[in-house]
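Note sheet for the following structure.
Taken together, the values in this text are just the output of simple stated rules run on the coordinates, not laboratory data. Remember, it's a predicted structure, so these values are computed and weren't measured experimentally. Cβ coordinates were reconstructed from backbone atoms using ideal geometry, including for glycine residues, and neighbour counts include every protein chain displayed.
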Amino acid sequence: MGFFDYSVTDPKGNEVKMADFAGKVVLAGPGLSRAPCVADGLAWLLSSPGVRGFVLDADALGACGRLTRPDTCILTPHPGEAGRMLGCTAAEVQADRPLAARTLAERTGATVVLKGAGTLVATPGRPLSVVPCGNPGLARGGSGDLLAGLCAALLARGLAPHDAARVAVWRHGRAADLAAVRRGAEAMLPTDLLPEL
C-alpha cells in the first residue's frame, strides 16, 4: 500500500485521499491553528490504526483528550499551554512545575515535556526527570518546534516515549548551550542549534 492509497468521502461527497500512517510516528502541532477543520483532522489522525507514536505540540495539544493510546505519545507544552490543559494559569504552573508536569502526565497518560528553565519530563509510573541544560535563547519562537521534531525522530528510531523525550530535551538544551557560546543566548535563533545537533 502506498502513502495515499485509500480515500474517504468528505461531507460534500468529494473523494479525499487519506494517508496510511500505520507503523509511522506522527508529529502534529507546529504551524496548525485551532480552526474546526484542524480539530476534525486531528481527531481522525489520533484514531488512525497502527500509528507507532505521536508527538503533540502547540495547537495540537488541545486534542490530547482524544488519545486512544496515550502511552505512545509525547506532549510538549510550555507553561501557558500546560495551564490551559490543566485549567489554571501559567503562573500557577510555574509556581509548582513538578506538580504540574506530574498532574498533566497522570491526567493524559502520556509522557509530558514541560518546557522552561529546568525542562521536566514526566511519565506516569516513572520518576520525574529534570534536564538542567538549556538557556533563555530557547524561548524564541521555533525552538519548541525543533524539540518536538527531535522527540519524533527518536520515537521513530524505536525509543520509548519517556526515553525519547529525555534524550531529545537533553540534546536540545545542550545544543542551545553550545550555540550560546558561539552566538550568545540573546541573539540565538533556532537554526543556530542545528550545527550542534
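Within the range 128-152, list the residues whose amide N lies under 16 Å from a label point set 7 Å along Cα→Cβ of residue 196.
131-148, 150
By Kyte-Doolittle mean hydropathy of at least -1.0 and Cα axial length of at least 27 Å, which whole DSSP H helices of the chain are selected? Show your work: numbers first, answer last.
On the way: long enough: 161-183 (32 Å, -0.43).
Taking the DSSP H segments of the chain (at least 27 Å long, mean hydropathy at least -1.0), we get 161-183.
Relative contact order for the range 9-196 using alpha-carbon pairs under 8 Å, separation at least 6, rounded to a whole percent? It would help to have the intermediate numbers written out before the result.
Numbers: 316 pairs, mean separation 31.7, N = 188.
This gives 17 percent for the range 9-196.
What base-10 log of the normalised intensity I(q)/I(0) is obtained for the range 9-196 from the Debye formula, alpha carbons as equal point scatterers, at q = 0.13, 0.15 Å⁻¹?
Result of the Debye calculation: -0.66, -0.86.
Based on the mean of other beta carbon atoms within 10 Å per residue, what is the order of 106-114, 64-72, most packed first? Intermediate values should be presented prior to the final figure.
On the way: 106-114: 23.1, 64-72: 15.9.
Result, highest mean Cβ count within 10 Å first: 106-114, 64-72.
Contour minus end-to-end for residue 157 and residue 47, with contour as 0.36 nm per residue of separation and end-to-end as the Cα-Cα distance?
Values: separation 110, 0.36 × 110 = 39.60 nm, distance 2.20 nm.
Between residue 157 and residue 47, full extension yields an extra 37.4 nm.
Shape call for the range 87-197 from the C-alpha gyration tensor, a ≥ b ≥ c root eigenvalues: rounded (a/c under 1.5), prolate (a/b greater than b/c) or oblate?
Values: a/c = 2.27, a/b = 1.37, b/c = 1.65.
Verdict is oblate for the range 87-197.
Quick check: pseudo-label points 7 Å beyond the Cα along Cα→Cβ at residue 117 and residue 38, how many nm apart are they?
Each label point is offset 7 Å from its Cα along the Cβ direction, giving 3.0 nm.
Pick out, from 162, 13, 53, the residue whose Cα sits farthest towards the positive end of the charge dipole of the range 9-196, with +1 on the Cβ of Lys and Arg and -1 on the Cβ of Asp and Glu.
162
Shape call for the range 75-135 from the C-alpha gyration tensor, a ≥ b ≥ c root eigenvalues: rounded (a/c under 1.5), prolate (a/b greater than b/c) or oblate?
It comes out oblate by the Cα gyration axes.
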